[in-house]
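The values are calculated or read from the model by the stated rules, or taken from the named source; none is laboratory data. Computed from a prediction, not measured in an experiment: that's the story for all the values here. All Cβ positions, glycine included, derive from the backbone under ideal geometry; neighbour counts span all protein chains shown. Accessible surface areas use protein heavy atoms only, side chains included; no ligands, DNA or RNA. Shrake-Rupley method; radii C 1.70, N 1.55, O 1.52, S 1.80 Å.
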Amino acid sequence: MGEIMLITLFRTLILYILIIFTMRVLGKRQIGELQPAELVITILLSEIIVIPMQDTEIPLVNTLIPVFVLSGFEMLVSFIGMKSIKFRSVMQGNPVIVIRDGKLNAKKLKELRFTTDDLAEALRKKDIFDISEVQYAIVETDGTLSVLLKKENQPATKSSLPCIVISDGRIIKTDFAECNTDSDKIKAILKDKHLNEEDVMLMTLDKDGNINILKKDKEK
């Protein structure tokens, strides 16, 4: 009995260290911020780890192999997502505007399978009780809600929604209509600042003409 307890303790310690190492490698997101693919990997890893803790007759190698395979697959998906906007969009989806200028977009809510009660609860958690005060409410790809209040309801001076128009050196056309811009305007702005799109890590633009550009760090 004592030997079995020591084996169980030893296996549990190894598996604990393994899962901690795996989570560190995969990233530091909180559970509420996980993308769908990341949540699936987390659930699968937890299930795989639990079984050998309870059954000492299962060889540890039967656990190590699927853990490394899943971790490698998640890292590969993340790498491809960093390089391909289309792949990232397929795997993670895109942010969805559900409130614009105080008006609810019922069609988008239905597509997201959100109820008005779900939306009202999310707004209350941000101390917002009147939808008419909201300029934009956006459901992010991880399911969280981002809110921009109307100008008269917020201390900030900016009431336009900043749109990501360049990400990691690539022009993003998803929100062009929302910010009244196009590729030619973006390229003209870059030319005026003596930049190429490949030089830009992140560029945002809003209807008020506010521009924010974060340049890439030059490799030494």
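Observations
- Unique match (being out of contact with any strand residue (DSSP E or B) (no Cβ under 7 Å at 6 or more places or on another chain) and at pLDDT 75 or above) among T63, T8: T63
- Residue check for L214: open to solvent by 70 Å² or more (accessible area, probe 1.4 Å), closer than 16 Å to G169 by Cα and either in contact with a Leu (Cβ under 7 Å, 6 or more places away or on another chain) or in a loop (DSSP other than H, G, I, E, B) (or both): yes
- Top-ranked residue of segment 155-196 - restricted to ones that are among the acidic types (D, E) and modelled with pLDDT of 85 or more, ranked as least open to solvent (accessible area, probe 1.4 Å): D182
- V98 satisfies every condition listed in (1) over 20 Å from N212 (Cα atoms); (2) surrounded by 14 or more Cβ atoms within 10 Å (Cβ to Cβ); (3) at pLDDT below 90 except (3).
- Boolean, L64 is over 18 Å from the mean Cα position of the chain (by Cα), in a helix (DSSP H, G or I) and surrounded by 12 or more Cβ atoms within 10 Å (Cβ to Cβ): yes
- Residue selected from segment 197-211 under the condition touching a Cys at 6+ places or on another chain (Cβ under 9 Å) and open to solvent by less than 100 Å² (accessible area, probe 1.4 Å), by the criterion modelled with the highest pLDDT: T204
- Those residues of segment 95-110 which are closer than 19 Å to N153 by Cα and not in a strand (DSSP E or B), in sequence order: D101, G102
- Subset of segment 184-211 (residues that are part of a loop (DSSP other than H, G, I, E, B) and within 19 Å of C163 (Cβ to Cβ)): K193, L195, D206, K207, D208, G209, N210
- Check on E152, open to solvent by 90 Å² or more (accessible area, probe 1.4 Å), at pLDDT below 85, in contact with a helix residue (DSSP H, G or I) (Cβ under 9 Å, 6 or more places away or on another chain) and over 25 Å from L39 (Cβ atoms): yes
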